[in-house]
Amino acid sequence: MAKASVSKLVPKVPKVPNVPGATRRAAYSASTKRALIDVAEERFTAAGYAAASLDAIVAGARVTKGALYHHFSGKQALFEAVFERVEDDASKRIQKALKGQKDPWVKALAGLRAFLAVVQEPGYRRIVIQEGPAVLGYERYREQEERSTFANVLDIVRSVLEAGDWELDEPMLQTYARIFFGAMSSAGESVATAEDTEQAAERVEGAIAFLLSGVQLMVESGVEMPTALAAVPTSGGSRTSDD
């Protein structure tokens, strides 16, 4: 058989790019870490933190225990990486809902609905709401939650309050945002832990929409926003601004 005919029968092997060894190792390392987080998210969602074993996770990711400990100090560190990704994904979905919204009231409701959709998902319910506070500890949990979602809340609150003629400085905007952030965290937990999450989400949406309509009415009516209490109670009795 001619050489030309033989060459047609032999499949061509694609050329491997000339990738430096360090870059190739970094890519493999990143792939291994991603696989561990993927499988860990599945296991933590399905079984919970306590019941999810590292043996099952490394088997699912098809890596060794040594590879796991190369990337994470232990089970808690792996959980925290999963928690961060779930929260980051949720934050991006809410940001997508907010993007391009010009009307502050439409924007606020769009962000609210995106948030309520997120907290009904099994992975978010289990990893963030149910397991997060106990595994990470309250302080670390709140720190992670604020890092990922507080910016979205501040964006919404800023849009709503700046719709009025109120001159609010940044510390005051931050104060309103933190109050609303706390309310949303509590509302999210109530939805995520409810037996009927859809019904619970509808109740939360109705309650917050009602509060927003009150703020909208204040904006449209030109109502002035109080900046301080008229009377400050003391241990010796009440005092008014005329005292």
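Scanning segment 119-136 for residues that are open to solvent by less than 20 Å² (accessible area, probe 1.4 Å) and not aliphatic (A, V, I, L, M) turns up GLY123, TYR124, GLY132.
Go through (1) surrounded by fewer than 18 Cβ atoms within 10 Å (Cβ to Cβ); (2) at pLDDT below 95 and name the single condition GLN199 misses. Single failed check for GLN199: (2).
Across segment 37-62, which residue is nearest to the chain's Cα centre (by Cα) among those that are of a type in the set (Asp, Glu) and over 12 Å from ALA81 (Cβ atoms)? Only one residue fits best here, namely GLU42. Checked against the criteria, LEU168 counts as at pLDDT below 90, among the hydrophobic types (A, V, I, L, M, F, W, C) and surrounded by 15 or more Cβ atoms within 10 Å (Cβ to Cβ).
Quick grid of which residues meet (1) closer than 26 Å to PHE210 by Cβ; (2) touching a Ser or Thr at 6+ places or on another chain (Cβ under 7 Å); (3) open to solvent by 70 Å² or more (accessible area, probe 1.4 Å); (4) modelled with pLDDT under 95:
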site: PHE79; (1), (2), (3), (4): no, no, no, no
site: VAL82; (1), (2), (3), (4): no, no, no, no
site: GLN95; (1), (2), (3), (4): yes, no, yes, yes
site: ARG113; (1), (2), (3), (4): yes, no, yes, no
site: ALA117; (1), (2), (3), (4): yes, no, no, no
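The values are calculated or read from the model by the stated rules, or taken from the named source; none is laboratory data. It should be emphasised that the depicted structure is a prediction, and the values quoted were computed from it without experimental measurement. With ideal geometry, Cβ positions are generated from the backbone for all residues, glycine too; neighbour counts draw on all protein chains shown. For the accessible areas, the whole protein counts, side chains as well, though only heavy atoms, and no ligand, DNA or RNA atoms are used. Shrake-Rupley method; radii C 1.70, N 1.55, O 1.52, S 1.80 Å.
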